[in-house]
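*Asks:* Okay, here's the structure, questions in a sec.
The values are calculated or read from the model by the stated rules, or taken from the named source; none is laboratory data. Owing to the predicted nature of the structure, the values given are computational and were not obtained by experimental measurement. Quick reminder, even Gly has a Cβ in these numbers, built from the backbone with ideal geometry, and neighbours come from all protein chains shown.
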Amino acid sequence: MIDASYRDAIFSTPLDRVASFSFDEQVVACFPDMVRRSIPGYGQILGMLGLLAERHLRHGAHVYDLGCSLGAVGLALAGRLPPEAFALTGVDLSPAMLARARETAASESPEHHLQFLEGDIRQIEYRTSGMIVLNFTLQFLPPTERDAVIAELYKALEPGGILVLSEKIVAPDEQENAWLVERYHDFKRANGYSDMEISQKRNALENVLVPDTLDAHRARLETAGFTRITTWFQYLNFASMVAFKDKASATHD
Ligand code: GEK
């Protein structure tokens, strides 16, 4: 288990100027608590990733966890699949996150092949993979750079491979979106965040986390080449999609 003992209190005191959100040591310490209390369905999504891998991952295939933070996706897969079933590479920009991910993987799942690489998912050379997971990561890239990353991931997937994309989303209808956001703030309040924490975090994420609509995600995935796309999960303004690369598609060159 990733240590969840540090409570997220980053935005609990008034700050005269809320700095932009960044994934530094302060965030690492309370990250498990933060994601659990601020991403509706985070635990359910992780649980389902293991089941999706059991069902769709070719035995022995390589898996990417892009924007891996503390490595929760790898641990979730390791909880369902034996060590020889897959080898996973977690990629993240944050050295502080990666240090903790390596430690946790070594103590929790020493038999599994989980490695962690410091890198920018916009720049790395991708190897052929059976499953690629973007669990709440694409949303942190500038919107204009998202198409190119998804196109690369499509190329890196082997035929029959899957991409799992979990994101905070925005509803196209203003009224519907306002309702979802308000209920999301209720969700955070119910999880112990104060109004001040909610509003300061919101300001810190402004221009850092820019959500797309589900339609925009679908269009991007289709443009990249995916023919079958399913939104398998939605909880308020958080959703997860699975996109299948056709078994008959040309192999990666
Ligand atoms: C989980 N997937 O627990 N390249 C690599 N990493 C990046 C980039 C980039 N360009 N931009 C942001 N990140 C995890 C949760 S958190 C989501 C993912 C959240 C990394 C960033 O350093 C952070 O660790 C992660 O993406 C996003 O299932 O905090 O809301």
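*Asks:* Would you call residue 63 surrounded by 15 or more Cβ atoms within 10 Å (Cβ to Cβ), within 12 Å of the ligand (Cβ to nearest atom) and not charged (D, E, K, R)?
*Replies:* no
*Asks:* Just to verify a result, which residue in the range 118-129, among those that are touching a helix residue (DSSP H, G or I) at 6+ places or on another chain (Cβ under 8 Å) and over 14 Å from residue 148 (Cβ atoms), is farthest from the ligand (Cβ to nearest atom)?
*Replies:* For the range 118-129, the residue satisfying everything is 128.
*Asks:* Regarding residue 74, is this residue in contact (Cβ under 8 Å) with a residue 24 or more places away in the chain, more than 9 Å from the ligand (Cβ to nearest atom) and out of contact with any Ser or Thr (no Cβ under 9 Å at 6 or more places or on another chain)?
*Replies:* Considered against the rule, which asks whether it is in contact (Cβ under 8 Å) with a residue 24 or more places away in the chain, more than 9 Å from the ligand (Cβ to nearest atom) and out of contact with any Ser or Thr (no Cβ under 9 Å at 6 or more places or on another chain), residue 74 comes out as no.
*Asks:* May I pose another question? Give the residue, chosen from 75, 15, 49, that is under 16 Å from the mean Cα position of the chain (by Cα), among the hydrophobic types (A, V, I, L, M, F, W, C) and either under 28 Å from residue 181 (Cβ atoms) or at pLDDT below 95 (or both).
*Replies:* 49
*Asks:* A further question on this structure: Being touching a residue at least 24 places away in the same chain (Cβ under 8 Å) and over 18 Å from residue 35 (Cα atoms) narrows it down to one residue among 111, 103; which is it?
*Replies:* Exactly one residue qualifies, and that residue is 111.
*Asks:* Scan the range 144-157 and tell me whether some residue there is at pLDDT 95 or above, closer than 30 Å to residue 123 by Cβ, touching a Lys or Arg at 6+ places or on another chain (Cβ under 7 Å) and in a strand (DSSP E or B).
*Replies:* Yes, the range 144-157 contains a residue that is at pLDDT 95 or above, closer than 30 Å to residue 123 by Cβ, touching a Lys or Arg at 6+ places or on another chain (Cβ under 7 Å) and in a strand (DSSP E or B).
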